[in-house]
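K.L.:
Have a look at this one before I ask anything.
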Amino acid sequence: MKTQNITPQIILGSSSIYRKELLQRLQIPFETEHPDVNETPLYGESPEETAMRLAEAKARAVAKTYPHALIIGSDQVAALGNIPLGKPLSHENAVKQLQLVRGKEVVFYTALCLLNSAADRLQSRVIPYHVKFRPLSDQQIENYLCKEQPYHCAGSAKSEGLGIALIERMTGDDPNGLIGLPMIALVDMLMAEDVEIF
């Protein structure tokens, strides 16, 4: 009698093409599912708390469809001090964000959850990444936004594209976290669930 593969199905609870591309680097089979989650921050919540709550909410939303899977949830919140910087969603908002952060350091908090939906076992971490922006002129901001249009990126900058030119310095444990999926932490979590990467 043929034995079933004991590795659970892996689901990436995200519609982000960037997260999907990062996960593909591990060369393990997975599927993607869009989590229907309200991403509005709660009153009094810190950026880390918002990111963690939403990452877990995304994983649990997907678990309703996949009750016997390993589900990856991730969310990112950028902050300038205590000021959260969400997705600008418009050119005007992106201009304001980049004017606000120019010459300053922004922390991108990326929360990662791995939910074993069969066992209701959750692993979670928040990985901060520090980004110092160049002292940009209004014209440089305008030129950048016209070329890249990063209106669905927290902090109005896509470091994996032209946005890298906005940045003076980056420091943190995992540069993939800045793109939206901290791969070093994810490998740790998958291995804790007996997923063989190699």
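The values are calculated or read from the model by the stated rules, or taken from the named source; none is laboratory data. All of these numbers come straight from a predicted model, not from anything done at the bench. Here the Cβ positions follow ideal geometry from the backbone for every residue, glycine too, while neighbour counts run over all protein chains shown.
K.L.:
If I go through region 148-198 residue by residue, how many of them are among the hydrophobic types (A, V, I, L, M, F, W, C), more than 21 Å from I72 (Cβ to Cβ), surrounded by fewer than 17 Cβ atoms within 10 Å (Cβ to Cβ) and in contact (Cβ under 8 Å) with a residue 40 or more places away in the chain?
P.N.:
Counting residues in region 148-198 that are among the hydrophobic types (A, V, I, L, M, F, W, C), more than 21 Å from I72 (Cβ to Cβ), surrounded by fewer than 17 Cβ atoms within 10 Å (Cβ to Cβ) and in contact (Cβ under 8 Å) with a residue 40 or more places away in the chain gives 1.
K.L.:
Sticking with this structure for a sec: Looking at V107, V126, V101, can you tell me which residue is of a type in the set (A, V, I, L, M) and free of Cβ contacts under 8 Å to residues at least 60 places away in the same chain?
P.N.:
Among V107, V126, V101, only V101 is of a type in the set (A, V, I, L, M) and free of Cβ contacts under 8 Å to residues at least 60 places away in the same chain.
Yes/no matrix, rows are residues, columns are (1) at pLDDT below 95; (2) not charged (D, E, K, R):
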site	(1), (2)
E33	no, no
T40	yes, yes
G44	yes, yes
L54	no, yes
A61	no, yes
Y66	no, yes
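K.L.:
List every residue pair whose Cβ atoms lie under 6 Å apart, where the two residues are 6 or more positions apart in sequence or sit on different chains, the first residue falls within region 10-24 and is without any contact (Cβ under 8 Å) to a residue 60 or more places away in the chain, and the second residue, located anywhere, is of a type outside the set (K, R).
P.N.:
S15/H34; K20/T32
K.L.:
Take region 108-120 and flag every residue that is of a type outside the set (S, T, Y) and modelled with pLDDT of 95 or more.
P.N.:
A111, L112, C113, L114, L115, N116, A118, A119, D120
K.L.:
Just to confirm my filter: which strands (runs of 3 or more DSSP E) fall fully inside region 56-135 and include at least 3 residues that are more than 13 Å from the chain's Cα centre (by Cα) and surrounded by 14 or more Cβ atoms within 10 Å (Cβ to Cβ)?
P.N.:
In region 56-135, 69-80, 105-116, 121-133 are the strands (runs of 3 or more DSSP E) which contain 3 or more residues that are more than 13 Å from the chain's Cα centre (by Cα) and surrounded by 14 or more Cβ atoms within 10 Å (Cβ to Cβ).
K.L.:
In region 136-166, what residues are modelled with pLDDT under 90, assigned to a loop (DSSP other than H, G, I, E, B) and polar (S, T, N, Q)?
P.N.:
Hit for region 136-166 is S159, nothing else.
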